[in-house]
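Working notes, beginning with the structure itself.
The values are calculated or read from the model by the stated rules, or taken from the named source; none is laboratory data. All values reported here derive from a predicted model rather than from experimental measurement. Cβ placement follows ideal geometry from the backbone for every residue including glycine, while neighbour counts extend to all protein chains displayed. Ligands, DNA and RNA are stripped out before the accessible areas are found, and what is left, the full protein with its side chains, is counted by its heavy atoms. Shrake-Rupley method; radii C 1.70, N 1.55, O 1.52, S 1.80 Å.
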Amino acid sequence: RAVGLSASSICIYWAGMALNDWADRELDAVERPERPIPSGRVPAQTAFNLAAGLTAGGLVLSALSGGRSTLATSAALAATAWTYDVVAKNTVAGPAVMASARALDVLVGAGAERRRALAPALAVGAHILAVTTLSRGEVHGGTPTPARLSLAVSAALTAATSGRKQGGFWRRRSSVAEVTTAALAGWFARSVLPAQAAAAREPDAVHVRGAVGAGIHGLVPLQAAWVA
């Protein structure tokens, strides 16, 4: 089940990446002509077909691995990813739609017990909401406000994920799990906070891209901390 759902998640994620390049092909021809489609290395129709095929494959894997309940969540995830790439990305709703996709991706693994996975899903969604909002300045730079908001969100997530506050949905854990979680939360903070602070001080395109890249890579220790 875990292997199948992981493969399903990867397929849908890759589908979103291919569809993103297809949807951005005209803008990339102007701003980033070195990208695969405008450079001529990949035909636009090939990218679209790949996105559709990977989406279908992801849904089939989800159904075979997790059953009807998981398929429903995976279908919502796929629909959200396509909505983001084709409709919402360049609108004010774009960051929220992307954050929803990332949160749904966490819930895919929960099957029928989505409520138990709500806290990590919200944590990942909040992180991606901040990162996606910041990414609006990747090409032309931005203002300090999105970077400062990202910095605040990352600091809050570090504190919440480390689990030092007991009660509510934070549960008492063994000392080994507590130390492991705190260490991974610290890794997350070390991965994202310096780049976000640099973007807040100087929000040009270079620093913003660096902060966005750090935020994407920061998903690894953030999710690992919640698993711990």
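For the chain, what does the alpha-carbon gyration tensor say about shape, rounded, prolate or oblate, given a ≥ b ≥ c as the root eigenvalues, a/c under 1.5 as rounded, and a/b over b/c as prolate?
oblate
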#### Entry: Fraction of accessible area attributable to carbon and sulfur, the range 94-160 (%, probe 1.4 Å)
65
### Task
Could I have the simple spin-label model distance between residue 216 and residue 177, label points 7 Å from Cα toward Cβ, reported in nm to one decimal?
3.3
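What relative contact order, as a whole-number percentage, does the range 1-119 give when Cα pairs under 8 Å and 6 or more residues apart are counted?
30
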### Query
All other residues with a Cβ under 13 Å from the Cβ of residue 197 taken together, and with Lys, Arg as +1 and Asp, Glu as -1, what is their net charge?
+2
### Task
Can you work out the accessible area per residue across the chain, with the rest of the protein chains kept in place, probe 1.4 Å, in square angstrom?
52
### Query
Based only on Cα atoms, what Rg/Rh ratio does the range 1-131 have, Rh being taken as Kirkwood's radius?
1.01
### Task
List the DSSP H helices in the chain whose Cα atoms stretch 20 Å or more along the helix axis and whose mean Kyte-Doolittle hydropathy is at least -0.5.
2-23, 44-83, 94-108, 118-134, 144-162, 175-201
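Tell me the net charge near residue 37. Cut-off is 11 Å between Cβ atoms, residue 37 excluded, with +1 for each Lys or Arg and -1 for each Asp or Glu.
Net charge in that neighbourhood comes out at -1.
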### Task
Let me have the relative contact order for the chain, percent, based on Cα pairs under 8 Å that are six or more residues apart.
17
